[in-house]
Amino acid sequence: MRCADKSDMKPDRKKGQTKARELHPPARSKSADPEPSAGHFGLPVSLFVILAILLFWAMVYLDNHAGGFNPHVYQHFTSSNELTGWIPFDPVRDRYYKGKQVYDMPTCLACHGPTGAGAPNQYPPLGGSEWVQQKDPSRMIRIALDGAGGPLPVNGVTYNGSMTPWRPTLSDEQIALVLSYVRQSFGNNQPPVTTEEVAAIRKATAAHAGTPWTADELLKVPLKE
């Protein structure tokens, strides 16, 4: 057996002794180590049950408190209907939106478009139209009831088409609503039209039913100041 020489000795500072240090320890054999194998770790079923319950609760909570993800529904309100219920009733605004519904049926929307701009050389615009801007809606009501046939000047441009008559389709209330909407939209700012005004002109022009109004006939209709 080889004895360690002095160069292999390391002083023990605590005890003041020296001990031999093995410079090259023998390598450990790994032949006895178990072979590595892939393990299988399953999640407990209870975890999936808890996750399902949490997801269901989150869906119910969002359904009841998210306001249908409508950005106009703010905190403390759960739906747009609930929010609307707190808005004071305004009869003018109410008739305005009802008039827009008639406009979009489609009646006027099909030709004059969502912005009231119409179509060049085909359908006249409603914004700034001299027929719309008249304070007295008598001529406008006649156009809505029985339509109008060209040539019809609007904002300096002459249109030769014909407008659909709404006498047989819309009620007096619907015509009053849609004319009020047009007179207060697209840059127009004129007084609303009443149902009574439409009913009176419908009765007074019964003999004209089915015949479109011409520009000359409309210009002869006297207007109230």
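The values are calculated or read from the model by the stated rules, or taken from the named source; none is laboratory data. The model shown is predicted, which means the values in this text are computed figures rather than measured ones. Cβ atoms come from the backbone with ideal geometry, glycine included; neighbour counts cover every protein chain shown. Heads up: the accessible areas ignore ligands, DNA and RNA and are worked out on the full protein's heavy atoms, side chains in. Shrake-Rupley method; radii C 1.70, N 1.55, O 1.52, S 1.80 Å.
Counting only protein heavy atoms and a 1.4 Å probe, the range 101-189 has 44 square angstrom of accessible area per residue.
For Tyr159, the residues 5 or more places off, or on other chains, whose built amide H falls under 5 Å of its own are Leu152, Val154.
The protection proxy used here, the mean number of other Cβ atoms lying within 10 Å of each residue, ranks peptides 124-136, 212-224, 196-208 as follows, highest first: 124-136, 196-208, 212-224.
The length gained on full extension between Thr115 and Gln133, counted as 0.36 nm times the residue separation minus their Cα-Cα distance, comes to 4.8 nm.
One chain, two ends: Gln122 and Asp104. Fully extended at 0.36 nm per residue, the span grows by 4.5 nm beyond their Cα-Cα distance.
Is the range 112-225 rounded, prolate or oblate when judged by the Cα gyration tensor, a ≥ b ≥ c being the square roots of its eigenvalues, rounded requiring a/c under 1.5 and prolate requiring a/b larger than b/c?
On the way: a/c = 1.44, a/b = 1.18, b/c = 1.23.
Cα axes put the range 112-225 in the rounded bin.
Close amide H contacts of Ala148 (hydrogens built in the peptide plane, cut-off under 5 Å, sequence separation of 5 or more or a different chain): Met163, Trp213.
Per-residue extension of 0.36 nm, minus the Cα-Cα distance of Ala207 and Ala52, leaves a gain of 48.6 nm for this segment.
When the range 108-205 is described by a simple charge dipole with +1 on each Lys and Arg Cβ and -1 on each Asp and Glu Cβ, the residue from Pro124, Gln190, Val157 located farthest towards its positive end is Val157.
Taking θ as phi - 60° and the Karplus parameters 6.51, -1.76 and 1.60, the scalar couplings of the range 145-150 work out to 6, 10, x, 9, x, x Hz in sequence order, x denoting glycine and proline.
Can you pull the percent of the range 80-225's accessible area that's carbon plus sulfur, 1.4 Å probe, other chains left in place?
On the way: 4670 of 8030 Å².
Solvent-exposed carbon and sulfur of the range 80-225 make up 58 percent of the total.
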